[in-house]
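One structure below.
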Amino acid sequence: MTSTPCTLFDKIWDDHVVVEEPDSPAVLYIDLHLIHEVTSPQAFDGLRRRGLRVRRPHQTVATIDHSIPTTPPEVPIADPQAARQIQQIVENCREFGIPLYGVGSPTRGIVHVIGPELGLTQPGMTIVCGDSHTSTHGAFGALAFGIGTSEVEHVLATQCLLQRKPRTCQVYVDGYLNKGVTAKDLILGLIAQIGSGGGTGYVFEYAGPAIRALSMEERMTVCNMSIEAGARAGMIAPDDTTFEYLAGRLYAPKGEAWDAALKRWRALPSDPDARFDHTITLDARRLEPMITYGTNPAMAIPVTGVVPDPAGVSDLGERQAMEKALRYMGLRPGQRLLGHPIDVVFIGSCTNGRLSDLRQAASVLKGRRVKEGVRVLVVPGSQSVKRAAEAEGLHRIFLEAGAEWRESGCSMCIAMNGDQLQPGQYAVSTSNRNFEGRQGPGGRTLLASPLTAAAAAITGVVTDPRTLLE
Amino acid sequence: MQPFTRITSRVVALPIDNIDTDQIIPARFLKTISKEGLGQHLFADWRYNPDGSPKPDFPINQPGAREARILLVGDNFGCGSSREHAPWALIDFGFRAIISTSFADIFRNNALKNGLLPVVVDIDTHRQLFEMAEADPSTVLTIDLAEQSLILPNGKQVYFPIDTFNKKCLLEGIDQLGYLLKQEPLIQAYEALHPARVSTRIMEE
Ligand code: SF4
């Protein structure tokens, strides 16, 4: 029997369509629903108003990450609104029977860090969360995307979502990354190439030698930022790297179930002749460490480059957005970013808050001192990452260098928990968004890799990390 | 959900591309556990001075903006975070329709679920609309959803796309959860054939 060749996305999609009536979107079954304190309260209210229950509480898991302080756990939550929101998710989970990795849990963390860590994220699954960076989980060959609060309510009530089938785009990354160039630089390079709306309507499948060579944590960094190009989701076909990562994790299948799962997972990669609606290519060999200069992640340049001139942009809306961005950032066209003074360095977030990210930052900070006057915050992505880092002594490297070592959470990625920039301050941040005010009103964010962020911490200015690597 | 049929209203123009949801409603206002009252924080960092006073030159602070039901914006509106607080804030302020050349996916989905109509127009119409709004801030447009048409003051009619399902839901004020709940027998049948792929039941601690 010959069947039409399918992409990874097609296989997962087809396997999850419950029904598709004419003139209606597909009803898509959701295997795993992750929730957090910020985008769920109004959904639970909706359930209560209609007298509905949570249909599959054990295909749901909750955590607290956005508004939680990263100060030691014994310090009470100072912000009454944050405390209220956190209390609310505790009550909602109790009322509806949903497992919660709450404030005191040793495995609490950023939702996109703990899903993979606990082995909840598995190939071939559909995964949603009221959070745009749900695309992270696509690194395992899952179809994972962010939804709004109404849709959170839909999934809680029915374990399904109404979805129109997105188009597919293969992002083929040829060659291999050079030393000092990381997964973060790869994804920033892609977004700079295609723009912050360049992926709208598409699901990306990353492929090619550069992607195959990435570790799971690096693949998560890439998939995490798919949304910054507007893509619905980002995926990478599962392979031995994926299976090795998953084996033995808490919620991963065990014994015979593992063997059966492996068989299913090995059939997931796109068929050789599968057709994509669109293809983008990128040459890993030509990538350099990247840094953003503007107010969306597509406004990125090589760290050695110069700020582009809006005058050269023909589209009016785009030109005005760029002029506005440069005014906000206090930067001039033609200016070099190298040597530009910075005030804060943030190392963390669901993009770069995993153990390998902390190791990279530590490799630069080891035996060195943070530049006087620079504040450096290192925030592990989860309590498990924190413990693993401490077991290797990474925290000592950070503390001896003069950085702050915190409890886990979203922290200065979104500045909801009190960790934030002062107006006008410049931060080199390993997070994913440099939108105006994202890290605090008036704060100016330069997105970069953990290596580039750590290099700036040492010198107090934007620095090419390759100059500090031995 | 309030049905959307036809509106005639003046327009507020914000000619900036890639307006992200952090600008529509900054994260510090997401600590609320309700949907109410978010309109006062709409575009908070662009609209108010650090001391909380309104910036008079910002478009939604100008006279007449409060009565406007239509917001005209640059390309790729609503990119960034999935926060549904963005459409809630826009609606609470008074907007019922947003016109752009494109919308970010999640924002578009969230808007449609709340009765806020995203209207996609071509680049030429888009430019023409901005020119009109700039020349005369009291420019009035009509949006007719049944006809899928946008009517300019000069009588020109422009058609915009919308899928049948969302159109019907908006016109009749149908809530999409109702549609999903009606699929219960099919969902049960699906689950009978596909055992849960993961269970969060085994919790350590
Ligand atoms: S770390 Fe930042 S991007 Fe990631 S989930 Fe938290 S707030 Fe969102």
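Overview of results
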| quantity | calculated |
| --- | --- |
| Region A:187-246 versus region B:124-152: alpha-carbon centroid distance in Å | 39 Å |
| Under 5 Å, built H, 5+ apart or other chain: amide partners of B:Lys55 | B:Tyr48, B:Asn49 |
| Most fluctuating residue given options B:Leu90, B:Leu150, B:Leu30, as computed from a GNM of chain B linking Cα atoms under 10 Å | B:Leu30 |
| About the Cα centre, charge dipole magnitude for region B:104-205 (Lys/Arg +1, Asp/Glu -1 at Cβ), debye | 280 debye |
| Cβ-defined net charge surrounding A:Pro465, 15 Å radius [Lys, Arg +1; Asp, Glu -1] | +2 |
| Taking B:Val11, A:Val128, A:Val378 and counting other C-beta atoms within 10 Å, the order from fewest to most | B:Val11, A:Val128, A:Val378 |
| Qualifying trypsin sites (Lys or Arg not before Pro) in region A:326-411, DSSP loop, other Cβ atoms within 10 Å at most 16 | A:Lys366, A:Arg369 |
| Listed residues B:Ala135, B:Gly37, A:Leu287: farthest to the positive end of the dipole of the protein assembly as shown (Cβ charges) | B:Gly37 |
| Inter-label distance, nm, simple model (7 Å from Cα along the C-beta direction), A:Arg212/A:Asp259 | 2.8 nm |
| Footprinting exposure proxy for A:Asp79, A:Asp259 (fewest neighbouring C-beta atoms within 10 Å first) | A:Asp259, A:Asp79 |
| Over 26 Å (Cα to Cα) - which of B:Lys31/B:Lys168; A:Lys179/A:Lys254; A:Lys263/B:Lys182; B:Lys35/B:Lys156; A:Lys366/B:Lys31; B:Lys113/B:Lys182 fall in this group | B:Lys31/B:Lys168; A:Lys179/A:Lys254; A:Lys263/B:Lys182; B:Lys35/B:Lys156; A:Lys366/B:Lys31 |
| Net charge of Cβ neighbours under 13 Å - reference B:Thr142; Lys, Arg +1; Asp, Glu -1 | +3 |
| Long-range HN-HN contacts of A:Arg375 with modeled amide H, under 5 Å | A:Val344, A:Val345 |
| Label-reachable residues, region A:21-42, where backbone N falls under 16 Å from a point 7 Å from B:Ser34's Cα toward its Cβ | A:41-42 |
| Region A:32-133: GluC sites (Glu not before Pro) in DSSP coil with no more than 13 other Cβ atoms inside 10 Å | A:Glu74 |
| Residues in region A:6-48 reached by a label modelled at B:Asp163 [backbone nitrogen below 19 Å; 7 Å Cα→Cβ] | A:9-31 |
| Difference of contour (0.36 nm per residue) and Cα-Cα distance, A:Arg387 to A:Asp23 | 125.9 nm |
| Cα gyration tensor shape for chain B, rounded if a/c is under 1.5, else prolate or oblate | oblate |
| Within region A:193-302, trypsin sites (Lys or Arg not before Pro) in DSSP loop having at most 14 other beta-carbon neighbours inside 10 Å | A:Lys254, A:Arg275 |
| In sequence order, calculated HN-Hα J values of region A:412-420 (Karplus, 6.51, -1.76, 1.60; Hz; x Gly/Pro) | 6, 5, 10, 6, 9, 10, x, 7, 7 |
| Integer Hz, Karplus 6.51/-1.76/1.60 couplings in order for region B:45-59, x for Gly and Pro | 6, 9, 8, 10, 6, x, 7, x, 6, x, 7, x, 8, 6, x |
| The protein assembly as shown: C-alpha gyration tensor shape, a/c 1.5 cut-off, then a/b vs b/c | rounded |
| Test item: Cα-centred dipole of region B:6-174, Lys/Arg +1 and Asp/Glu -1 on Cβ, debye | 500 debye |
| Spin-label proximity, B:Ala135 to region B:142-179 - amide N less than 14 Å from point 7 Å beyond Cα toward beta carbon | B:152-156 |
| For region B:79-101 versus region B:14-43, the gap between their alpha-carbon centres in whole angstrom | 8 Å |
| Separation in nanometres of the label points that stand 7 Å from Cα toward Cβ, at B:Glu67 and A:Gln422 | 4.6 nm |
| ³J(HN,Hα), Karplus 6.51/-1.76/1.60, whole Hz, each residue of region A:238-254, x for Gly, Pro | x, 8, 4, 4, 5, 5, 4, 4, 6, 4, x, 6, 3, 9, 5, x, 10 |
| Net +/- balance of residues flanking A:Thr63 in space, Cβ distance below 12 Å, scoring K and R +1, D and E -1 | -3 |
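Taken together, the values in this text are just the output of simple stated rules run on the coordinates, not laboratory data. On a predicted model such as this, the values are computed, not experimentally measured, just so you know. Using ideal geometry, Cβ is built from the backbone for each residue, glycine included, and neighbour counts are taken over all protein chains shown.
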